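Structure record follows, encoded as structure tokens.
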Amino acid sequence: MSEKYDLIIIGGGPAGIAAAIYGSRSRLKTLVLEAKRKTGGQPATYHDMENYPGVPETTASELMDNFKTHAEKFKAEFKRGQVAKIETDGFKKLVKTKKEEVYEAKSVIIATGAEPRKLGIKGEEEFKGKGVSYCATCDADLFTDLDIVVVGNGNSAVEEAIYLTKFVNKLTMIVIHDEGVMDAEKILQEQAMENEKIDFVWNSTLEEIKGEGLVEKAVVKNIKTGQKSEIDCNGVFFFVGRVPSTDFLEGVVDLTEHGYIKTTKQMETNQPGIYAVGDVRDKVVRQVITAAGDGATAAVMAQGYIEEEDYWQNNVLQADKEVIVAFWSVTDQASIDLVAKLENMDLEAKGYKFLKIDTYKNRLISDRYQIEEIPTVMKLKGSKVAEKVVAPTEKELKNIF
């Protein structure tokens with residue numbers, strides 16, 4: 001037997017927890033499934049957090065702890081579990097973990113984020129955990145008073161390099177661009193340039209990592225001259241982007257060529273009731289605040305989806321009689337006139353169930369039945385459409401009934 005929830009969120013980073021706050025506060029029975037030991041996603045591996053609005057003095061891990069506490073306040077549940085598969089059967093979604101646990105939900109929000117990108121250079125895998133690292137917060141203290149190399153020059157790379165200087169003796173950043181050019185924000189570049197512990201090797205890439213048991217040297221190649229040189233070091237940190245965690249989603253939702261989830265502005269995937277948020281979705285800006293915004297949006301949309309589907313299931317698909325549905329809008333006079341006419345026809349006495357569906361509030365149902373104009377009248381027998389007429393005349397109405 002599967003445990004049942006209204007909303008299941010896969011991933012416990014800022015996007016997932018923000019969705020949990022909004023979902024549980026809306027009285028949805030909400031579960032967050034997190035594969036990692038520590039909840040908080042990518043920010044939980046950072047230290048500094050300087051740009052989250054309204055919280056000028058905090059660390060990244062403290063902020064994520066507060067996110068979780070906030071969600072738990074509204075009774076969101078948190079469980080460990082690495083999701084292996086999502087199966088959809090109309091309104092019902094089954095989330096299955098690698099340990100063969102099964103959870104059932106009406107709606108699912110995917111917030112699995114992205115994992116550090118690996119370059120696959122010689123020595124990278126060999127020295128993983130022996131001097132090669134992808135997480136400054138996790139491993140910084142292991143390199144106290146030692147010399148390290150940082151590969152990367154984006155926001156994350158520079159932020160983490162600055163943090164690492166609180167521990168290390170010396171840090172060398174390998175930058176592929178010309179001298180003085182980096183991909184990070186200007187304020188971060190200025191902080192790095194002014195830091196006495198940071199040196200730069202420009203126009204270069206990392207070719208190889210060498211050592212006897214532990215990292216001892218980094219082989220660097222100048223991309224303009226082709227010349228190679230060695231840097232003595234005790235560790236190499238990689239911050240060269242991330243790869244979306246979507247391996248288990250192939251065939252479930254539409255992905256980009258790089259594996260990110262395609263969504264609408266409402267965080268909707270191509271599967272009704274399944275949403276994607278944060279770094280795992282195809283988007284331009286990947287920051288804690290944008291991830292949290294994604295989560296809030298998806299939870300609001302999921303709540304609307306669940307209410308809409310619950311209403312349709314209970315009043316139409318499970319009805320014990322034929323159902324007459326008027327798709328209308330309170331701002332359209334023709335719709336108002338038609339609904340008044342239908343209400344005066346005493347459809348209940350004729351053996352029908354009569355419902356009004358506002359197309360503005362019930363977009364998903366309207367789209368499913370391809371309601372392109374209003375007013376439209378539909379007669380349904382269970383899930384099958386028996387009649388569908390746009391702006392019916394008196395004669396057409398009589399034919400329907």
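The values are calculated or read from the model by the stated rules, or taken from the named source; none is laboratory data. Quick caveat, the model's predicted, so the values are computed rather than measured. Using ideal geometry, Cβ is built from the backbone for each residue, glycine included, and neighbour counts are taken over all protein chains shown. Each accessible area value is taken on the protein alone, full model and side chains, heavy atoms only, with ligands, DNA and RNA left out. Shrake-Rupley method; radii C 1.70, N 1.55, O 1.52, S 1.80 Å.
Based on the convex hull around the alpha carbon atoms, segment 292-339 presents an average projected area of 4.7 nm². Around the amide H of residue 85, modelled in the peptide plane, lie the amide H atoms of 96, all under 5 Å away and 5 or more residues distant in sequence or on another chain.
Assign one of three labels to segment 175-238, namely rounded, prolate or oblate, based on the Cα gyration tensor with a ≥ b ≥ c the square roots of its eigenvalues; rounded applies when a/c is under 1.5, prolate when it is not and a/b is larger than b/c, and oblate otherwise. Oblate, because a/c is 1.5 or more while a/b does not exceed b/c. Protection proxy ranking for 313-325, 242-254, 152-164, using the average of other Cβ atoms within 10 Å per residue and placing the highest first: 152-164, 242-254, 313-325. Working note: Cα atoms of segment 1-78, range along each principal axis, descending, whole Å: 44, 24, 15. Taking only alpha carbon atoms, segment 158-208 gives an Rg to Rh ratio of 0.95, where Rh is the Kirkwood radius. Around residue 48, which amide H atoms from residues at least 5 apart in sequence, or from another chain, sit under 5 Å from its own amide H, with H modelled in the peptide plane? So residue 48 has HN proximity to 60. Couplings 3J(HN,Hα) of segment 151-167, computed from phi: 9, x, 8, x, 4, 4, 4, 6, 4, 5, 5, 4, 4, 4, 5, 6, 10 Hz, in residue order, whole Hz [Karplus 6.51 cos²θ - 1.76 cosθ + 1.60, θ = phi - 60°; x for Gly and Pro]. Dipole orientation for segment 35-98: of the candidates 58, 47, 94, 94 has the Cα lying most toward the positive pole (charges on Cβ; Lys, Arg +1; Asp, Glu -1).
The convex hull defined by the C-alpha atoms of segment 253-401 has an orientation-averaged projected area of 10.3 nm². Taking Cβ atoms as reference points and 15 Å as the exclusive limit, the residues near residue 85 contribute a net charge of -2, counting Lys and Arg as +1 and Asp and Glu as -1. I want the antiparallel fraction of DSSP beta bridges within the chain, as a percent rounded to 5. If we restrict to bridges inside the chain, about 50 percent are antiparallel. Give, as a single signed number, the net charge of other residues whose beta carbon lies under 13 Å from the beta carbon of residue 227, with Lys and Arg counted +1 and Asp and Glu -1. For residues surrounding residue 227, the net value is +1.
Ranking of 365, 374, 289 by solvent-accessible surface, largest first: 289, 374, 365 (1.4 Å probe, protein heavy atoms only, all chains present).
With contacts taken as Cα pairs under 8 Å at a separation of at least 6 residues, segment 38-84 carries a relative contact order of 34 percent. Accessible surface of the chain, 1.4 Å probe: 47 percent of it comes from carbon and sulfur atoms.
Based on every Cα atom in segment 166-322, Rg and the maximum pairwise Cα distance Dmax equal 24.2, 81 Å. Near residue 322: Cβ cut-off under 11 Å, other residues only, Lys/Arg at +1 and Asp/Glu at -1. The net charge is +4. With bins 5 Å wide beginning at 0, the percent of Cα pairs of segment 356-401 falling in each bin runs 5, 20, 31, 24, 15, 4.
Calculated mean residue ellipticity at 222 nm for the chain: -7500 deg cm²/dmol, from DSSP H runs with n ≥ 4 weighted as -39500 (n - 2.57), summed, divided by the residue count and rounded to 500. Approximating the spin labels as points 7 Å out from Cα along Cα→Cβ, the residue 85-to-residue 300 distance works out to 3.6 nm.
Scanning residues 5 or more positions from residue 233 or on other chains, those with amide H under 5 Å from its amide H are 217, 218, with H placed 1.01 Å from N in the peptide plane. Residue-normalised convex hull volume from the C-alpha trace of the chain: 174 Å³ per residue. Accessible surface calculations at 1.4 Å, restricted to protein heavy atoms, place the chain at 51 Å² per residue. Whole-Hz Karplus values for segment 276-284 come out as 9, 9, x, 5, 6, 9, 6, 8, 8 Hz, taken residue by residue from phi with 6.51 cos²θ - 1.76 cosθ + 1.60 and θ = phi - 60°; glycine and proline positions read x. If R0 is 35 Å, the Cβ-Cβ spacing of residue 396 and residue 307 corresponds to a FRET efficiency of close to 0.65. Evaluating 6.51 cos²θ - 1.76 cosθ + 1.60 at θ = phi - 60° for every residue in segment 255-263, the Karplus couplings come out as 10, 7, 5, 9, x, 7, 7, 7, 9 Hz, glycine and proline recorded as x.
Among rounded, prolate and oblate, which fits segment 90-177 when a ≥ b ≥ c are the square roots of the eigenvalues of its C-alpha gyration tensor, a/c under 1.5 means rounded, and a/b larger than b/c means prolate? Cα axes put segment 90-177 in the prolate bin. Expressed per residue, the C-alpha convex hull volume of segment 1-133 stands at 140 Å³.
In summary, the convex hull built on the alpha carbon positions of segment 216-270 has an orientation-averaged projected area of 7.0 nm².
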